[in-house]
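Enquirer: Got a structure here, written out as structure tokens. Questions coming.
FYI, it's all coordinate maths here, none of it is from the lab. Please read these numbers as outputs of a predicted model, since none were measured by experiment. Neighbour counts run over all protein chains shown; Cβ positions are idealised from the backbone, glycine included.
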Amino acid sequence: MESMLSVVMPCYNEVETVEEVITAVLNSPHVGELVVVDDGSTDGTRDRLRAIDDERVSVVLQPENLGKGAALREGFTHVSQPYVIIQDADLEYDPAEYSVLLEPLIDGRCDVVYGSRFVSNRPHRVLYFWHSVGNRFLTMLSNMTTNLNLTDMETCYKAFRIEVVKSLTLTEDRFGIEPELTARVAAGGWRVFEVGISYNGRSYDEGKKIGWRDGVSAIRCILKYAVVARRDVKRSTRGG
């Protein structure tokens, strides 16, 4: 099967899982390159990354912990395959499902695919009730400002045609990158599909990092980019 996929993996202090995730990513027949952006890890993750010997893997070392958004922006500058998927460096999302995400892209039906944890009959770990409430609220608020009908705006699994990735001017450094990506995709008029995926969520004891402050920041970003994303598209259409 032809390799056609660039995987961008932001990584911060994931020494316990990063090698297993990288192995799973490289086991996918679709993967042509994996760009790992280490975001200033201090727990030995960088030593694990230095030991990787696979020509498909590029490791980028951020000078300090700058955030997931900053890591993604850096990773996107290195991609070259026709399709791009975001992959976290934990074990919450399964690279075996890349084919599900890629199908509507390869068929030419869309430009962007979101992997939803909430419309799937695939296995899900049962964890925090209020997290699910928060995710659904943020998705609804995002939908109200973008006029999309997503069920899971905050999902890690977002897949793009490379043309989409290269067209996006992203600015958020941390977890606000999720609503910013969605707002800019919507403002750009890109065709969006959603597919169901499995989800093996982590507890905080197992290393989950996102918290309530990130939820507050997401609200700020949703409201901000409801205006900024459309404004930027209008400026680019006018040639500046």
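Enquirer: Can you compute the FRET efficiency between Asp47 and Arg220 using 1/(1 + (r/R0)^6), with r the Cβ-Cβ distance and R0 = 35 Å? Round to the nearest 0.05.
Expert: Numbers: r = 36 Å, r/R0 = 1.03.
Taking R0 as 35 Å, the efficiency between Asp47 and Arg220 is 0.45.
Enquirer: What FRET efficiency comes out for the pair Ser58/Met144, r = Cβ-Cβ distance, R0 = 45 Å, nearest 0.05?
Expert: Numbers: r = 38 Å, r/R0 = 0.85.
Plugging the Cβ-Cβ distance into 1/(1 + (r/R0)^6) gives 0.70.
Enquirer: Say the dipole of the stretch 18-96 comes from +1 at the beta carbon of Lys and Arg and -1 at that of Asp and Glu; which of Ile52, Leu26, Pro63 then lies farthest toward its positive end?
Expert: Pro63
Enquirer: In addition: Give me the tail of P(r) for the chain as a percent: Cα-Cα pairs with distance above 26 Å. Please list the in-between numbers first.
Expert: Working: 9826 of 28680 pairs.
The answer is 34 percent, as a whole percent.
Enquirer: What nm distance separates the two modelled labels at Gln81 and Leu170, each placed 7 Å from Cα along Cα→Cβ?
Expert: If labels sit at Gln81 and Leu170, their model points lie 1.7 nm apart.
Enquirer: GNM, the chain, Cα, under 10 Å: largest mean-square fluctuation among Lys68, Lys166, Lys158?
Expert: Lys166
Enquirer: Moving on. With each pseudo-label sitting 7 Å past Cα toward Cβ, what's the Met4-Thr237 distance in nm, one decimal?
Expert: 3.0 nm
Enquirer: Going by C-beta contacts inside 10 Å, put Phe193, Phe160, Phe76 in order with the fewest on the left. All intermediate terms of the calculation are to be shown ahead of the outcome.
Expert: Numbers: Phe193 16, Phe160 27, Phe76 20.
Lowest count first: Phe193, Phe76, Phe160.
Enquirer: Under 13 Å from a label point 7 Å along Cα→Cβ of Asp107: give me every residue in the stretch 185-201 with its amide N that close.
Expert: Only 193-196 fall inside the zone, counting backbone N under 13 Å.
Enquirer: Arrange the peptides 23-30, 38-45, 230-237 so that the one whose residues have, on average, the most other Cβ atoms within 10 Å appears first. Display every interim value, and only then the final one.
Expert: Working: 23-30: 16.1, 38-45: 18.5, 230-237: 13.0.
The densest-packed peptide leads the list: 38-45, 23-30, 230-237.
Enquirer: Tell me what the chain gives for mean residue ellipticity at 222 nm when only DSSP H runs of n ≥ 4 count, each as -39,500 (n - 2.57), the sum divided by the residue total, rounded to 500 deg cm²/dmol.
Expert: Values: 8 runs with 94 residues, N = 240.
Estimated from H runs of four or more residues: -12000 deg cm²/dmol.
Enquirer: In the Gaussian network model of the chain, springs joining C-alpha atoms below 10 Å, which of Ala186, Ala226, Ala96 carries the largest mean-square fluctuation?
Expert: Ala96
Enquirer: In Å and from the alpha-carbon atoms only, list the Rg and Dmax of the stretch 138-203.
Expert: So, for the stretch 138-203, Rg and Dmax equal 12.2, 36 Å respectively.
Enquirer: Right, something else. On the principal axes of its Cα set, how long, how wide and how thick is the stretch 1-101? Give whole Å, largest value first.
Expert: 37, 25, 24
Enquirer: Please report how many Lys pairs in the chain have alpha carbons closer than 20 angstrom, counting only residues at least 8 apart along the chain or sitting on separate chains.
Expert: Lysine pairs, 8 or more places apart or on different chains, close enough: 10.
Enquirer: Still on this model: When Ile177, Ile52 are ordered from fewest to most other Cβ atoms inside 10 Å of their Cβ, what list results? List each step's numbers first, then the result.
Expert: Working: Ile177 23, Ile52 17.
Going from sparsest to densest Cβ surroundings: Ile52, Ile177.
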